[in-house]
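A.B. asks: Supplied in C-alpha coordinates, the structure appears directly below.
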Amino acid sequence: MQVNVLYFAWVRERIGHGSETVETSAATVADLMAELVAKGPEYEAAFADKSALRAALDQTLVDMDAPLGSAREVAFFPPMTGG
Amino acid sequence: MRIAVQDTAFDPSVELAGFDACGGGAVVTFNGVVRDDTGDLQAMEIEHYPAMTEAALRDFADQAVARFNLTNALVIHRYGTLKPGEVIMMVATAAKHRKQAFQGADFLMDYLKSRAPFWKKEITASGADWVAARGVDEDALKGW
(Lines give C-alpha, C1' and ligand atoms only; values in the text may rest on other atoms or scores of the structure.)
Protein backbone atom coordinates (compact mmCIF):
# COMPACT_ATOMS: atom_id res chain seq x y z
CA MET A 1 0.00 0.00 0.00
CA GLN A 2 0.98 3.63 -0.38
CA VAL A 3 1.51 5.90 2.59
CA ASN A 4 2.50 9.52 2.82
CA VAL A 5 5.52 9.79 5.13
CA LEU A 6 6.35 13.07 6.86
CA TYR A 7 9.54 14.10 8.68
CA PHE A 8 10.00 16.97 11.10
CA ALA A 9 12.86 18.88 12.79
CA TRP A 10 16.27 17.15 12.66
CA VAL A 11 14.75 13.99 11.19
CA ARG A 12 13.68 16.10 8.19
CA GLU A 13 17.08 17.80 8.01
CA ARG A 14 19.04 14.53 8.06
CA ILE A 15 16.84 12.93 5.39
CA GLY A 16 16.87 16.05 3.27
CA HIS A 17 13.15 16.41 2.60
CA GLY A 18 9.94 16.79 4.59
CA SER A 19 7.61 14.33 2.88
CA GLU A 20 7.43 11.53 0.39
CA THR A 21 5.06 8.84 -0.80
CA VAL A 22 6.27 5.33 -0.03
CA GLU A 23 5.08 1.96 -1.29
CA THR A 24 5.25 -0.42 1.65
CA SER A 25 4.18 -3.82 2.89
CA ALA A 26 5.28 -3.04 6.47
CA ALA A 27 3.02 -4.37 9.22
CA THR A 28 4.06 -1.88 11.90
CA VAL A 29 5.59 1.57 12.26
CA ALA A 30 8.90 -0.07 13.27
CA ASP A 31 8.80 -2.26 10.13
CA LEU A 32 8.27 0.84 7.99
CA MET A 33 11.22 2.48 9.73
CA ALA A 34 13.40 -0.55 8.91
CA GLU A 35 12.35 -0.29 5.24
CA LEU A 36 13.22 3.40 5.19
CA VAL A 37 16.65 2.81 6.80
CA ALA A 38 17.49 0.55 3.85
CA LYS A 39 16.94 3.46 1.45
CA GLY A 40 20.32 5.05 2.17
CA PRO A 41 22.79 6.61 4.59
CA GLU A 42 20.73 9.76 5.13
CA TYR A 43 17.87 7.58 6.43
CA GLU A 44 20.30 5.56 8.55
CA ALA A 45 21.51 8.80 10.11
CA ALA A 46 17.98 10.01 10.81
CA PHE A 47 16.84 6.73 12.37
CA ALA A 48 20.12 5.80 14.10
CA ASP A 49 18.84 6.34 17.63
CA LYS A 50 15.34 4.85 17.73
CA SER A 51 14.84 5.85 21.35
CA ALA A 52 15.10 9.49 20.23
CA LEU A 53 12.22 9.14 17.76
CA ARG A 54 8.47 9.48 17.97
CA ALA A 55 5.82 8.55 15.42
CA ALA A 56 2.26 9.52 14.55
CA LEU A 57 -0.29 7.64 12.43
CA ASP A 58 -2.84 9.89 10.78
CA GLN A 59 -1.88 12.70 13.18
CA THR A 60 -2.16 10.60 16.35
CA LEU A 61 0.90 9.68 18.45
CA VAL A 62 1.55 5.93 18.51
CA ASP A 63 4.14 3.48 19.77
CA MET A 64 6.65 2.07 17.30
CA ASP A 65 5.02 -1.36 17.43
CA ALA A 66 1.64 0.06 16.34
CA PRO A 67 0.18 -1.66 13.25
CA LEU A 68 0.07 0.55 10.17
CA GLY A 69 -3.43 -0.69 9.42
CA SER A 70 -5.08 1.57 6.86
CA ALA A 71 -3.16 4.69 7.86
CA ARG A 72 -2.68 7.24 5.07
CA GLU A 73 -0.05 9.37 6.80
CA VAL A 74 2.91 8.36 8.95
CA ALA A 75 5.10 10.99 10.61
CA PHE A 76 8.52 10.60 12.23
CA PHE A 77 10.02 13.25 14.50
CA PRO A 78 12.13 13.86 17.62
CA PRO A 79 10.53 14.24 21.06
CA MET A 80 8.45 17.40 21.02
CA THR A 81 9.63 20.64 22.58
CA GLY A 82 6.53 22.81 22.80
CA GLY A 83 5.47 25.32 25.42
CA MET B 1 -12.68 27.40 24.55
CA ARG B 2 -10.30 28.90 22.05
CA ILE B 3 -7.29 27.24 20.45
CA ALA B 4 -5.00 29.21 18.15
CA VAL B 5 -1.83 28.15 16.31
CA GLN B 6 -0.35 31.17 14.56
CA ASP B 7 2.85 32.70 13.22
CA THR B 8 1.86 36.24 14.17
CA ALA B 9 2.67 37.93 17.49
CA PHE B 10 -0.10 38.47 20.04
CA ASP B 11 -0.57 40.56 23.17
CA PRO B 12 -1.35 38.39 26.24
CA SER B 13 -2.97 41.33 28.04
CA VAL B 14 -5.43 41.77 25.18
CA GLU B 15 -6.12 38.04 25.16
CA LEU B 16 -6.67 38.04 28.93
CA ALA B 17 -9.04 41.00 28.71
CA GLY B 18 -11.08 39.06 26.15
CA PHE B 19 -11.05 35.81 28.12
CA ASP B 20 -14.49 35.03 29.57
CA ALA B 21 -14.36 33.23 32.93
CA CYS B 22 -17.86 31.91 32.11
CA GLY B 23 -19.05 32.20 35.69
CA GLY B 24 -15.80 30.98 37.22
CA GLY B 25 -14.26 32.79 40.18
CA ALA B 26 -10.63 32.03 39.33
CA VAL B 27 -8.52 32.74 36.25
CA VAL B 28 -4.92 31.54 35.85
CA THR B 29 -2.70 32.52 32.94
CA PHE B 30 0.76 31.45 31.86
CA ASN B 31 2.97 32.99 29.17
CA GLY B 32 6.02 31.28 27.72
CA VAL B 33 8.73 33.69 26.54
CA VAL B 34 11.80 33.04 24.34
CA ARG B 35 14.69 32.65 26.77
CA ASP B 36 18.30 33.53 25.93
CA ASP B 37 20.42 31.17 28.04
CA THR B 38 23.77 31.89 26.41
CA GLY B 39 23.44 35.61 25.76
CA ASP B 40 23.94 35.23 22.00
CA LEU B 41 20.57 33.91 20.86
CA GLN B 42 19.55 35.61 17.63
CA ALA B 43 16.26 33.86 17.04
CA MET B 44 14.20 30.81 17.87
CA GLU B 45 12.59 28.92 15.00
CA ILE B 46 9.54 26.86 15.90
CA GLU B 47 8.47 24.12 13.50
CA HIS B 48 5.17 22.27 13.89
CA TYR B 49 3.02 19.59 12.29
CA PRO B 50 0.18 21.68 10.85
CA ALA B 51 -2.29 18.84 10.29
CA MET B 52 -1.89 17.63 13.87
CA THR B 53 -1.16 20.65 16.06
CA GLU B 54 -4.55 22.25 16.53
CA ALA B 55 -6.33 18.93 17.08
CA ALA B 56 -3.72 17.92 19.68
CA LEU B 57 -4.09 21.21 21.57
CA ARG B 58 -7.87 20.90 21.49
CA ASP B 59 -7.63 17.37 22.85
CA PHE B 60 -5.43 18.52 25.77
CA ALA B 61 -7.80 21.42 26.50
CA ASP B 62 -10.83 19.09 26.39
CA GLN B 63 -9.10 16.79 28.88
CA ALA B 64 -8.19 19.71 31.15
CA VAL B 65 -11.76 21.05 31.12
CA ALA B 66 -13.18 17.63 31.99
CA ARG B 67 -10.62 16.75 34.69
CA PHE B 68 -10.51 20.06 36.54
CA ASN B 69 -14.04 21.31 35.91
CA LEU B 70 -12.78 24.32 34.02
CA THR B 71 -15.39 26.83 32.93
CA ASN B 72 -13.19 28.02 30.03
CA ALA B 73 -9.75 27.45 28.53
CA LEU B 74 -7.52 29.26 26.06
CA VAL B 75 -4.36 28.05 24.32
CA ILE B 76 -2.36 30.16 21.87
CA HIS B 77 0.93 28.85 20.48
CA ARG B 78 3.16 30.49 17.90
CA TYR B 79 5.34 28.96 15.23
CA GLY B 80 7.88 30.50 12.85
CA THR B 81 10.77 32.79 13.77
CA LEU B 82 10.75 34.54 17.16
CA LYS B 83 13.20 36.90 18.84
CA PRO B 84 14.43 36.64 22.46
CA GLY B 85 11.82 38.05 24.84
CA GLU B 86 8.91 37.44 22.48
CA VAL B 87 5.88 35.57 23.78
CA ILE B 88 5.81 32.00 22.40
CA MET B 89 2.59 30.78 23.91
CA MET B 90 -0.18 31.46 26.40
CA VAL B 91 -2.52 29.32 28.43
CA ALA B 92 -5.51 30.65 30.35
CA THR B 93 -7.86 28.61 32.47
CA ALA B 94 -10.99 29.59 34.36
CA ALA B 95 -12.67 27.58 37.09
CA LYS B 96 -14.95 28.04 40.04
CA HIS B 97 -12.01 27.92 42.47
CA ARG B 98 -8.28 28.67 42.17
CA LYS B 99 -6.91 25.16 42.71
CA GLN B 100 -8.75 23.81 39.68
CA ALA B 101 -7.62 26.75 37.56
CA PHE B 102 -3.96 26.32 38.63
CA GLN B 103 -4.06 22.55 38.11
CA GLY B 104 -5.75 22.90 34.74
CA ALA B 105 -3.06 25.33 33.57
CA ASP B 106 -0.27 23.12 34.94
CA PHE B 107 -1.72 20.04 33.23
CA LEU B 108 -2.04 21.93 29.93
CA MET B 109 1.55 23.17 30.17
CA ASP B 110 2.93 19.68 30.83
CA TYR B 111 1.10 18.31 27.81
CA LEU B 112 2.08 21.25 25.60
CA LYS B 113 5.75 20.74 26.51
CA SER B 114 6.00 17.07 25.63
CA ARG B 115 2.99 16.05 23.52
CA ALA B 116 2.17 19.00 21.25
CA PRO B 117 3.98 18.63 17.89
CA PHE B 118 6.31 21.63 18.12
CA TRP B 119 10.10 21.61 17.74
CA LYS B 120 12.31 24.53 18.74
CA LYS B 121 15.59 25.45 17.10
CA GLU B 122 17.95 28.04 18.58
CA ILE B 123 19.85 30.24 16.14
CA THR B 124 23.05 31.82 17.51
CA ALA B 125 26.09 33.48 15.94
CA SER B 126 27.89 30.13 16.08
CA GLY B 127 25.18 28.08 14.41
CA ALA B 128 21.78 26.46 14.86
CA ASP B 129 20.79 23.73 17.31
CA TRP B 130 17.56 21.87 17.94
CA VAL B 131 16.43 22.16 21.54
CA ALA B 132 16.57 18.72 23.19
CA ALA B 133 13.54 17.44 25.09
CA ARG B 134 14.19 17.28 28.84
CA GLY B 135 13.58 14.14 30.84
CA VAL B 136 12.10 16.21 33.65
CA ASP B 137 9.35 17.41 31.26
CA GLU B 138 8.56 13.85 30.19
CA ASP B 139 8.50 12.74 33.83
CA ALA B 140 6.07 15.54 34.69
CA LEU B 141 3.41 13.81 32.54
CA LYS B 142 3.51 10.72 34.74
CA GLY B 143 2.24 12.78 37.65
CA TRP B 144 -1.16 13.26 35.98
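A.B. asks: Give the carbon-plus-sulfur fraction of the accessible surface of region A:2-77 in %, rounded to a whole number; probe 1.4 Å, heavy atoms of protein chains only.
C.D. replies: That share works out to 48 percent.
A.B. asks: Name the residues of region B:28-51 whose accessible area falls by at least 50 Å² when all protein chains are present instead of the chain alone, probe 1.4 Å?
C.D. replies: B:Glu47, B:Tyr49
A.B. asks: I'd like the interface area for chains A and B: accessible area of each alone minus the complex, both sides summed, 1.4 Å probe, protein heavy atoms only. What is it in Å² to the nearest 100?
C.D. replies: On the way: alone 4670 and 7930 Å², together 10860 Å².
Interface area, both chains combined: 1700 Å², rounded to the nearest 100.
A.B. asks: I'd like the antiparallel share, as a percent to the nearest 5, of DSSP beta bridges with both residues in region A:2-77. Present the calculation step by step, with values, prior to reporting the outcome.
C.D. replies: Details: 13 of 17 bridges.
Just about 75 percent of them are antiparallel.
A.B. asks: Within region A:12-64, list the trypsin sites (Lys or Arg not before Pro) lying in a DSSP loop whose Cβ has at most 13 other Cβ atoms in a 10 Å radius.
C.D. replies: Values: sites: A:Arg12, A:Arg14, A:Lys39, A:Lys50, A:Arg54; in loops: A:Lys39.
The qualifying sites are A:Lys39.
A.B. asks: Based on the Kirkwood radius over alpha-carbon pairs, what value in µm²/s does the Stokes-Einstein equation return for the translational diffusion coefficient of region A:2-77 at 37 °C and 0.692 mPa s?
C.D. replies: Details: Rh = 12.0 Å.
The calculation lands on 272 µm²/s.
A.B. asks: With a 1.4 Å probe and all protein chains in place, put B:Lys96, B:Lys83, B:Lys121 in order of accessible area, largest first. Show your work: numbers first, answer last.
C.D. replies: Details: B:Lys96 140, B:Lys83 110, B:Lys121 30 Å².
Solvent-accessible surface, decreasing: B:Lys96, B:Lys83, B:Lys121.
A.B. asks: Moving to a separate point now. Counting each DSSP H run of 4 or more residues in chain B as -39500 (n - 2.57), what helix-only mean residue ellipticity at 222 nm follows after dividing by all residues, to the nearest 500 deg cm²/dmol? Kindly include the intermediate steps, with their values, before the conclusion.
C.D. replies: Details: 4 runs with 51 residues, N = 144.
Taking each H run of at least 4 residues, the total per residue is -11000 deg cm²/dmol.
A.B. asks: Using the heavy atoms of the protein chains and a 1.4 angstrom probe, tell me the accessible area per residue for the protein assembly as shown in square angstrom.
C.D. replies: Here the per-residue accessible area is 48 Å².
A.B. asks: Another question, if that's okay. Which value, in debye to the nearest 20, describes the size of the charge dipole of chain B about its Cα centre when Lys and Arg Cβ atoms bear +1, Asp and Glu Cβ atoms bear -1, and nothing else is charged?
C.D. replies: Numbers: 15 positive and 20 negative charges, 121 e Å.
Dipole of chain B, to the nearest 20 debye: 580 debye.
A.B. asks: What number, rounded to the nearest 500 deg cm²/dmol, is the helix-based mean residue ellipticity at 222 nm of chain A, given -39500 (n - 2.57) per DSSP H run of at least four residues and division by all its residues?
C.D. replies: Numbers: 3 runs with 22 residues, N = 83.
The per-residue figure over chain A is -7000 deg cm²/dmol.
A.B. asks: Next question. Quick one: accessible surface of B:Asp20, probe radius 1.4 Å, all protein chains present, in square angstrom to the nearest 10.
C.D. replies: 90
A.B. asks: Rank A:Thr81, A:Thr21 by accessible area, highest first, at a 1.4 Å probe radius?
C.D. replies: Values: A:Thr81 10, A:Thr21 90 Å².
Solvent-accessible surface, decreasing: A:Thr21, A:Thr81.
A.B. asks: Let me ask another. Which value, in Å² rounded to 10, gives the accessible area of B:Asp36 with a 1.4 Å probe and all protein chains present?
C.D. replies: 60
A.B. asks: Region A:56-83: which residues show an accessible-area loss of 50 Å² or more, assembly versus chain alone, 1.4 Å probe?
C.D. replies: A:Gln59, A:Met80, A:Thr81, A:Gly82, A:Gly83
A.B. asks: Of the listed pairs B:Lys83/B:Lys142; B:Lys121/B:Lys142; A:Lys50/B:Lys113, which have alpha-carbon separations greater than 30 Å here?
C.D. replies: On the way: B:Lys83/B:Lys142 32 Å; B:Lys121/B:Lys142 26 Å; A:Lys50/B:Lys113 21 Å.
B:Lys83/B:Lys142, as the Cα separations exceed 30 Å there.
A.B. asks: Which percent of the accessible area of chain B is formed by carbon and sulfur heavy atoms (probe 1.4 angstrom)? Mind showing how you got there, number by number?
C.D. replies: Details: 3460 of 7070 Å².
It is 49 percent, rounded to a whole number.
A.B. asks: Set Lys and Arg Cβ to +1 and Asp and Glu Cβ to -1, take the dipole of the protein assembly as shown about its Cα centre, and tell me which of B:Ala56, B:Gln6, B:Phe68 lies farthest positive.
C.D. replies: B:Phe68
A.B. asks: Next question. May I ask for the angle, rounded to the nearest 10°, between helix B:98-115 and the longest principal axis of chain B, with both axes built from Cα atoms and the value confined to 0 to 90°?
C.D. replies: On a 0 to 90 degree scale, this one is about 40.
The values are calculated or read from the model by the stated rules, or taken from the named source; none is laboratory data. Because the structure is predicted, anything quoted here is derived from the model rather than measured. Here the Cβ is made from the backbone with ideal geometry for all residues, glycine too, and neighbour counts use every protein chain on show. These area figures cover heavy atoms from the full protein model, side chains too; ligands, DNA and RNA do not enter into them. Shrake-Rupley method; radii C 1.70, N 1.55, O 1.52, S 1.80 Å.
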